[in-house]
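Working notes for the structure below.
Every number here is computed from the coordinates shown, using simple stated rules; none is lab data. This one's a predicted model, so the numbers in the text were calculated from it and none came from an experiment. Using ideal geometry, Cβ is built from the backbone for each residue, glycine included, and neighbour counts are taken over all protein chains shown.
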Amino acid sequence: MKIGKILVGLILIALAVWIYFAIENSTAKYLGGAVLVIAGLIMLATGFKKEGGPKSPPQSPTPPPPPSPENPQ
């Protein structure tokens, strides 16, 4: 879930509703509103889409090998 895409999608849908009620030209009202609603729904769908695949468990770091007696450090 990506909050930025969800927020942009909601803003686009709200803008489409505002255009529908505020614009008097019917072509601009329906065409502009439809384009913004479609773009907003696409953004919402991609924002709510699950992240890809199962995540592997975290790997613990392996400790360094102990120093050998013939090669002191």
Check: Where does the chain land at 222 nm, in deg cm²/dmol rounded to the nearest 500, when only DSSP H runs of n ≥ 4 count, each adding -39500 (n - 2.57), divided by all residues?
Finding: -20500 deg cm²/dmol
Margin query: So I have (i) 64; (ii) 49; (iii) 53, and one of them is percent of Cα pairs over 17 Å apart calculated from this model. Which one is it?
Written below: (i)
Next item on the list: Could you run the Karplus curve 6.51 cos²θ - 1.76 cosθ + 1.60 with θ = phi - 60° over segment 28-45 and give me ³J(HN,Hα) per residue in whole Hz, x for Gly and Pro?
Entry: 5, 4, 7, 5, x, x, 5, 5, 5, 5, 5, 5, x, 5, 5, 5, 5, 5
Next item on the list: Calculate the dipole size of the chain relative to its Cα centre from +1 charges on Lys and Arg beta carbons and -1 charges on Asp and Glu beta carbons; express the result in debye to the nearest 20.
Entry: 240 debye
Margin query: For a quick check: with amide H placed at 1.01 Å from N, whose amide H comes under 5 Å from Ile23's, ignoring anything fewer than 5 positions away on the same chain?
Written below: none
Next item on the list: For the chain, state which chymotrypsin sites (Phe, Trp or Tyr not before Pro) are in a DSSP loop and have at most 16 other beta carbons lying within 10 Å of their beta carbon.
Entry: none
Notebook entry, point to check: Expressed in nm to one decimal, what extension gain is obtained for the pair Leu41 and Ile3 from 0.36 nm per residue of sequence separation less their Cα-Cα distance?
Noted result: 12.3 nm
Checklist line | Ranked list, fewest to most other Cβ atoms within 10 Å of each Cβ, for Leu36, Leu31 | finding: Leu31, Leu36
Note to self: Give me the percent relative contact order of the chain, please, defined on Cα pairs under 8 angstrom at least 6 residues apart.
What the structure shows: 40 percent
Margin query: So if I take the centroid of the Cα atoms in segment 1-22 and the same for segment 27-71, what is the distance between those two points in Å?
Written below: 22 Å
Notebook entry, point to check: When ranked by the protection proxy of mean other Cβ atoms within 10 Å per residue, highest first, what sequence do the peptides 1-8, 55-62, 38-45 form?
Noted result: 38-45, 1-8, 55-62
